[in-house]
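The structure under discussion appears below in the form of structure tokens.
The values are calculated or read from the model by the stated rules, or taken from the named source; none is laboratory data. Keep in mind that this is a model prediction, so the values were computed, not measured. Because the Cβ atoms are built from the backbone with ideal geometry, glycine has one as well, and the counts that use them run over all protein chains shown. Heads up: the accessible areas ignore ligands, DNA and RNA and are worked out on the full protein's heavy atoms, side chains in. Shrake-Rupley method; radii C 1.70, N 1.55, O 1.52, S 1.80 Å.
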Amino acid sequence: MAPPFIGFMLIPPKIKEEYNKLIIRIRHHDRLYYQLDKPEISDTEYDRLFDRLLQIEKDYPDIIVSDSPSQRVGAKPLTAFKNVTHRIRMLSLQKVISREEFADFDRRVREGLGAGHKIEYTIESKLDGLAVELIYVNGTFTIGSTRGDGTRGEDVTQNLKTIRNIPLILSKKVSSEYPLLEVRGEVIIRRSAFTKLNKKMGEQGLPAFANSRNAAAGSLRQLDSKMTASRPLIFCAYGISATNLSKLATQYEVMQFLKDEDFLISEYLTKVGEVEKIASLFAGLEKIRPDLNYEIDGMVVKVNRFDQQVILGEISRSPRWAVAWKFAAEEAETVVKDIIFSVGRTGVITPVAKLEPVRVSGVIVSNASLHNEDEILSLDIRIGDTVIVRRAGDVIPEIIEVIKEKRSGREKSVSMPGICPSCGTGAVRPQGEAAYRCLNSACPAQLIERLFHFASKEAMDIDGLGGKLAAQLVEQSLVKDPADLYYLTKERLLTLELMGEKKAQNLLTAIESSKRRELPQIIIALGIFGVGETASRTLAETFGEFDRLYKTGYDDLMAVAGIGPTIARSIIDYFTNPGNRAMITKMKKARVAFPVHHIIKKVSSISGKTFVITGTLSLPRDHYKKMIEDAGGKVIGSVSAKTDYLLAGENPGSKFDKANKQSIKILSEKEFSHLLSPSATHIKQKLPE
Ligand code: IVH
């Protein structure tokens, strides 16, 4: 219940207690997710905690503490970033790529220090992200900036505040000992989160990020910090800018200090006395590199003692006391044969480099996306250029460098076409976007992509309608919008090349059965900019009936959890567009069902119960996990007081002993299947309100 007077408000002790506990719980789960990469609760459950926190803060604004997790959701959008001059320049690192080069570095260090110095190094992984500096004044995070050119960077404080694992307040002791503390480190995105993010971008019809570094940089440099808040960024600290820190005399101590203050640091931090060991540490790191959940591109070796660092000093923007020993890159050299422009479903025009085929880490690469105009400009890439392509893990190939020394002078520059390469309509670059777009909804290239999307598995699931057939249908003018699919006849289909009687019949049958798809699938199929699988489901669940969504207004959309201004605007634009309205009418006339959406909620004996799985079971663990989750339960990683059941296979190990000790119910596979048998689970249907 809302209090009577804002500003003169008594906070009931019970609420205060709940609030404090919620903050502790949310921080605990943030730590598990962002810091340790070991989440224990589902996203939905986390959202529930967060929503409750927001509700309390809304009801009792005086309760809000400055480091509440709610302070990380982003602030008002900016029109531009301010510049920040770094008090101490942010240097870059010299690189070495072999044992010999590393030995040279070590020799230079020894010569620089002169006889009588015992040298110790620290080893850290070299994270592949974006360097930032965080300034803490009296223990409070005050200003954060990007590296920029090393001297001046951009003020991205609001954005950094949204990063969940950046401490907003440091311990009391540190606050008084170091009234000014400048922490430096790298903003990154974990691989798993990157894959998810790119999937989401794809669903929304937005271009994918080429790699997690670009994703991290793009996400941090958003003028709207709410956008940054929605991206899974994390911060990993690797140092403090000044070396004259009273109590901290070495890099190793600084790292321990940062760790104690709750900063994430490299898990490979090692102190090494014998140089011979460094090469084997490097080899070890290279070996485990593919198994890490974040991208690294080498190892950083630093002279441990600050007094020695000061003696060594710096040379041309790099310290003499540190070096980046880089992994042999999965890179290859090739030539750009052409640069073409492809048009996607939502009209985004993407430049693509056609390459002389080349093998990069076992795969032949002949195309590389150039993403957008900014990328063309920053690479200064031309047709005929010799370039270096890189393929990192399962990431799409990218061009990382143009070898300008190899230019003959005959290379041809390209610029983004002023018109759509498919339909010739003027291309525009909407404000704040990196992409050019063709805004003609009848554009053949877009239509082919839209048709392909309409027929895809997640949407209307029309078997047999792939990219080639979509192109034929559009090129032969058999289809002008996806609804025309429902008016195709066998005679017309047979006019297409390579189309036989049987194939045509199968296609017509598939089209006919697509009329019975569920509402979320239909919404996906429409291909509304920004509306992918998740948003479609939310919209279907909220509105229940298609016509209610069709007639909805901006404010009602904004009230839906997970729908922000961009998507709300895009939905309204879609449904007010006469072409789209005509298409929907055509679909209805063809008797596409547009069914009411029922929310199916399972109620079972294990709803809300927590499971831990251990030992060898007869099927992969994911199978059991899915069964439990489908029945409303959840699976966590370790046994605790909150665990309801332990599902134990053969050779169960320590979790079994722990569960036993805590008298947690232990289930064999057989007992588990009994618990989940149909008599124990029934399905309840709920109609949307
Ligand atoms: S130390 C002078 N440590 O590499 C010290 N940098 O080329 C410079 N980086 O801009 C930074 N992991 O973005 C340091 N453990 C690490 C690092 C690291 C990644 C990045 C950082 C820096 C670039 C230097």
**Study point:** From 224, 155, 149, residue being charged (D, E, K, R) and open to solvent by less than 40 Å² (accessible area, probe 1.4 Å)
**Key:** 155
Practice item. Could you please let me know if residue 345 is among the basic types (Lys, Arg) and either within 27 Å of residue 437 (Cα to Cα) or under 23 Å from the mean Cα position of the chain (by Cα) (or both)? Key: yes
Exercise for review: Restricting attention to region 206-218, report how many residues are open to solvent by 20 Å² or more (accessible area, probe 1.4 Å) and within 22 Å of residue 533 (Cα to Cα).
Suggested key: 4
Study note, to complete from the structure: Over region 128-146, the set of residues farther than 15 Å from residue 88 by Cα and either in contact with an Asp or Glu (Cβ under 7 Å, 6 or more places away or on another chain) or within 14 Å of the ligand (Cβ to nearest atom) (or both) is 128, 129, 130
Point to revise | From 330, 314, residue being charged (D, E, K, R) and over 29 Å from the mean Cα position of the chain (by Cα) | key: 314
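Each row is one residue, and each column tells you yes or no for (1) over 21 Å from residue 97 (Cα atoms); (2) touching a helix residue (DSSP H, G or I) at 6+ places or on another chain (Cβ under 9 Å); (3) modelled with pLDDT under 95.
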site: 296; (1), (2), (3): no, yes, yes
site: 308; (1), (2), (3): yes, yes, no
site: 317; (1), (2), (3): no, no, yes
site: 331; (1), (2), (3): no, no, yes
site: 342; (1), (2), (3): yes, yes, yes
site: 345; (1), (2), (3): yes, yes, yes
Check your understanding: Are there any helices (runs of 4 or more DSSP H) wholly within region 450-538 with 3 or more residues that are within 22 Å of residue 588 (Cα to Cα), among the β-branched types (Val, Ile, Thr) and open to solvent by less than 60 Å² (accessible area, probe 1.4 Å), and if so which?
Key -> 519-526
Check your understanding: Going by the structure shown, is residue 169 among the hydrophobic types (A, V, I, L, M, F, W, C), out of contact with any Lys or Arg (no Cβ under 9 Å at 6 or more places or on another chain) and open to solvent by 10 Å² or more (accessible area, probe 1.4 Å)?
Key -> yes
Check your understanding: Do you know which residues across region 380-418 are buried (at least 16 other Cβ atoms within 10 Å of the Cβ), more than 18 Å from residue 212 (Cα to Cα) and β-branched (Val, Ile, Thr)?
Key -> 381, 383, 386, 387, 388, 402, 414
Point to revise | Sole exception among (1) free of Cβ contacts under 8 Å to residues at least 60 places away in the same chain; (2) in a helix (DSSP H, G or I); (3) not acidic (Asp, Glu) for residue 135, by number | key: (2)
Exercise for review: Would you check which residues across region 136-161 are closer than 30 Å to residue 325 by Cβ and of a type in the set (A, V, I, L, M) and list them?
Suggested key: 156, 160
Exercise for review: Mind listing whichever residues of region 180-197 are open to solvent by 30 Å² or more (accessible area, probe 1.4 Å) and within 17 Å of residue 210 (Cβ to Cβ)?
Suggested key: 191, 195, 196
Point to revise | Residue check for residue 211: polar (S, T, N, Q), closer than 30 Å to residue 450 by Cα and either within 16 Å of the ligand (Cβ to nearest atom) or touching a Cys at 6+ places or on another chain (Cβ under 9 Å) (or both) | key: yes
**Study point:** In region 235-255, the residues that are more than 17 Å from residue 322 (Cβ to Cβ) and within 15 Å of the ligand (Cβ to nearest atom)
**Key:** 235
Practice item. Output the residues belonging to region 165-209 that are within 23 Å of residue 89 (Cα to Cα) and either in contact with a helix residue (DSSP H, G or I) (Cβ under 8 Å, 6 or more places away or on another chain) or modelled with pLDDT under 90 (or both). Key: 166, 181, 183, 187, 188
Check your understanding: Restricting attention to region 627-643, does a residue exist that is open to solvent by 20 Å² or more (accessible area, probe 1.4 Å), assigned to a loop (DSSP other than H, G, I, E, B), touching a residue at least 60 places away in the same chain (Cβ under 8 Å) and in contact with a Leu (Cβ under 8 Å, 6 or more places away or on another chain)?
Key -> no
Review point. Is it fair to say residue 570 is closer than 30 Å to residue 553 by Cα, surrounded by 15 or more Cβ atoms within 10 Å (Cβ to Cβ) and of a type in the set (Gly, Ala, Ser)?
Key: yes
